[in-house]
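Structure, as structure tokens:
The values are calculated or read from the model by the stated rules, or taken from the named source; none is laboratory data. Keep in mind it's a predicted model, so treat the numbers as computed, not measured. Because the Cβ atoms are built from the backbone with ideal geometry, glycine has one as well, and the counts that use them run over all protein chains shown. Accessible surface areas use protein heavy atoms only, side chains included; no ligands, DNA or RNA. Shrake-Rupley method; radii C 1.70, N 1.55, O 1.52, S 1.80 Å.
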Amino acid sequence: MAINQSAKINIMKTIMIDRINRSDSEEESFHSNVVDSPGGKTKLWKPIVPKEFMPNEDATYQSLEVAVETYKLFADKAGFGVRLNTIKRFGDKPIKLRYVVCNKMGKIPNTSTDTLDPKGSGRNKRNSNFRITDCKPLIMFERLHMGTNACKIYEFEEKHNHPLDTKEERRYSKRARQLSYKDREFIMRSATSNINATNAQKLQASLQGGYENVGPEVINYKIFRRKMGYIIGDKDAKLVYDKMNMRKDGLPNYTFENKCVDSVLNAMFWADETDKLYYKEFGYVISFDATFRTNKYDLIVLYFLL
């Protein structure tokens, strides 16, 4: 049954009123419970995550590395960042205790500026959206004994003194923007197809169903693409030359010819067994295109169309 215009308006009003009536604590409770600190002077935020991601104080972990990654996964689900902190050792031996803390832990810096001081610059710190709040949550892992890598939780504090990130905000966290192995492989494959970093990220977003499903931003794609250039440098011709020779050695009836002048690759020709079968079946070359001159080396690539 169709809904008339007045009914649609009433539905929208109901939705808007419901959103307005929800308190801040209810909005936050999707990701955390707001609880009072001892004495009730300040608010604390307790993460709400599925039970399987909660640190288990009775569990034994295979190693400190596994334990730390487990806590990082919990932090991702809860909506806060972490950093590695203090370590204690068995003398000069392996690590005995490893602290992992909220990335907003630390003393709040004094950012006040004397505006009446004629020598003052008016600004004594760089602009940043990141804020230290002296947040106390941490987890401490203890190695069971010096002769093993296994460890357990020694101390765990989970209440934060700041709101936790929403699902939308987590997209922009440092951890979410890290490139995975598959991301790096995708960028490399895109580069070989002459797809730049910006378009590679757009393509990935299209494949994943939207930008919200792609963690790394376009700047992360660009940085990795630039690093690829640093690694390859002026060795790209050598990479192509070696790859063609590998095919020539490993594939039946593969032809690769090249022309070098003063150790510079000036021309090359290749054809695999399929190309040769096509040529044998359909005969001579009917056309070729010598207009492709778009790369930074200003070189011509001839495509033979059979």
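Scanning for something over 16 Å from the mean Cα position of the chain (by Cα) and either at pLDDT 85 or above or closer than 30 Å to Thr60 by Cα (or both), does the range 215-222 turn up at least one residue? The answer is no; no qualifying residue exists. Among the residues of the range 129-156, those that are open to solvent by 70 Å² or more (accessible area, probe 1.4 Å) and either modelled with pLDDT under 90 or farther than 15 Å from Asn56 by Cβ (or both) comprise Asn129, Phe130, Arg131, Lys136, Leu144, His145, Met146, Gly147, Asn149.
Just one of the listed residues (Leu207, Leu203, Leu239) is at pLDDT below 85 and on the phi < 0 side of the Ramachandran plot, namely Leu239. If a residue must be in contact (Cβ under 8 Å) with a residue 60 or more places away in the chain and either open to solvent by less than 50 Å² (accessible area, probe 1.4 Å) or not basic (Lys, Arg) (or both), how many such residues does the range 171-193 contain? Result for the range 171-193: 2. Within the range 44-92, the set of residues being assigned to a strand (DSSP E or B), open to solvent by 50 Å² or more (accessible area, probe 1.4 Å), in contact (Cβ under 8 Å) with a residue 24 or more places away in the chain and farther than 25 Å from Arg171 by Cβ comprises Thr60, Asn85.
Check whether at least one residue in the range 93-102 is assigned to a helix (DSSP H, G or I), among the hydrophobic types (A, V, I, L, M, F, W, C) and open to solvent by less than 60 Å² (accessible area, probe 1.4 Å), and report yes or no.
Taking the range 93-102 first, the residues assigned to a helix (DSSP H, G or I) are none.
No, the range 93-102 has no match at all.
Sort out which residues of the range 105-128 are open to solvent by less than 50 Å² (accessible area, probe 1.4 Å) and modelled with pLDDT of 75 or more, and write them in order of number. Scanning the range 105-128 gives a single hit, Gly106.
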